[in-house]
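Chemist: The structure's right below; bear with me while I get my questions together.
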Amino acid sequence: KRLVVIGPPGSGKGTQSPIIKDEYCLCHLATGDMLRAAVAAKTPLGIKAKEAMDNGQLVSDDLVVGIINDAIKKPSCQKGFILDGFPRTVVQAQKLDEVLDKQGVKIDKVLNFAIDDAILEERITGRWIHPSSGRTYHSKYAPPKVAGVDDVTGEPLIQRKDDTAAVLKSRLEAFHKQTEPVIDYYKKKGVVADIHAEKPPKEVTVEVEKALS
Ligand code: AP5
Ligand code: ZN
């Protein structure tokens, strides 16, 4: 399967994608995670992306299209993939279609994680992540066994630099202006499944499984 997950910041893309990935043996490609790794490693890509990310704006289409094109060619992604946080503009969606057309494949399903903006601040400001694995916790909704520590490795958890109420406002603005049109782009192709992303995590997983079956 070739899947896309679209939703605003904090809607649960990074929580649900690893579960779907394991169930369907897909590769999980999250442009935000890849960009954060590039920023941390101070690669040329990371240096170019950092300022936009810190301010909650999108990085340029060329940069993210480049990383996705490279990633979907990998052998581990040939059985299928789940794109988390990409495409985020109509241009990105068109570029992705061009690449998939050449391979004679297409996006099978777009999961639209619909949720009210009002819920997102609490989700974002309570989030803790384990950077090297991408494991995500929430101080209230998904707490680690020991506060501030990853359950699996015992390593420290961190908060994302863009997870403040102020930067969230810019991220939401970018979502409504630039990413919502992508949902319409895929609706015209008839591949969108709406998911009630405000429900508890397990119920969201059940909805996603139904949409994919
Ligand atoms: P990115 O990393 O993609 O961030 P985002 O879209 O803002 O999404 P988040 O990762 O914040 O939210 P999520 O939906 O994954 O939520 P999560 O599951 O963690 O992008 C970051 C930046 O990179 C962008 O701003 C941009 O600059 C750049 N970028 C990335 N892709 C780009 C692209 N294609 N083009 C241009 N620029 C790009 O959940 C959030 C919290 O809630 C967690 O604590 C979790 O435990 C909790 N939670 C999850 N589900 C539930 C639930 N059902 N109930 C209660 N709590 C829940
Ligand atoms: Zn995420």
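Chemist: Quick one: compute the contact order of the chain, relative version, from alpha carbon pairs under 8 angstrom and 6+ residues apart, as a percent.
Modeler: 30 percent
Chemist: May I ask for the distance between the Cα centers of region 111-130 and region 133-164, given as a whole number of Å?
Modeler: 15 Å
Chemist: Apply the a/c threshold of 1.5 to the C-alpha gyration tensor of region 2-130 and tell me whether it is rounded, prolate or oblate.
Modeler: Note, shape of region 2-130 comes out oblate.
Chemist: Taking just the alpha carbons, could you work out the radius of gyration and Dmax for region 20-67, both in angstroms?
Modeler: Using the Cα atoms of region 20-67, the pair Rg, Dmax is 12.3, 36 Å.
Chemist: Could you check the simple spin-label distance between Ile119 and Glu98, using points 7 Å along Cα→Cβ, in nm with one decimal?
Modeler: My value for the distance between the label points is 3.7 nm.
Chemist: Place a point 7 Å from Cα of Ser213 in the direction of its Cβ. Which residues in region 1-25 have their backbone N less than 18 Å from it?
Modeler: The answer is 1, 19-25.
Chemist: Going down the list Lys73/Lys188; Lys21/Lys177; Lys13/Lys79, which pairs span over 22 Å between their C-alpha atoms?
Modeler: Flagged as over cut-off: Lys73/Lys188; Lys21/Lys177.
Chemist: Ignoring trypsin sites (Lys or Arg not before Pro) that are buried or in helix or strand per DSSP, and keeping those with at most 10 other beta carbon atoms within 10 Å, what is the longest stretch of the chain between them?
Modeler: Looking at the chain, 43-139 is the longest stretch - no exposed trypsin sites (Lys or Arg not before Pro) with at most 10 other Cβ atoms within 10 Å.
Chemist: Among Thr125, Gly148, Leu111, whose Cα projects farthest towards the positive end of the dipole of region 108-190, with charges put on the beta-carbon of Lys, Arg (+1) and Asp, Glu (-1)?
Modeler: Leu111
Chemist: Rounding to the nearest 20 debye, state how big the charge dipole of the chain is about its Cα centre with +1 on each Lys and Arg Cβ and -1 on each Asp and Glu Cβ.
Modeler: Magnitude of the dipole: close to 440 debye.
Chemist: Same structure again: Tell me which residues come under 5 Å, amide H to amide H, from Phe81 once H is placed; ignore anything under 5 positions away on its chain.
Modeler: Hits under the 5 Å cutoff: Arg2, Leu3, Cys27.
None of the figures in this text is laboratory data; all of them are computed from the coordinates on show. Please read these numbers as outputs of a predicted model, since none were measured by experiment. Ideal geometry is used to build each Cβ from the backbone, glycine not excepted, and the neighbour counts take in all protein chains shown.
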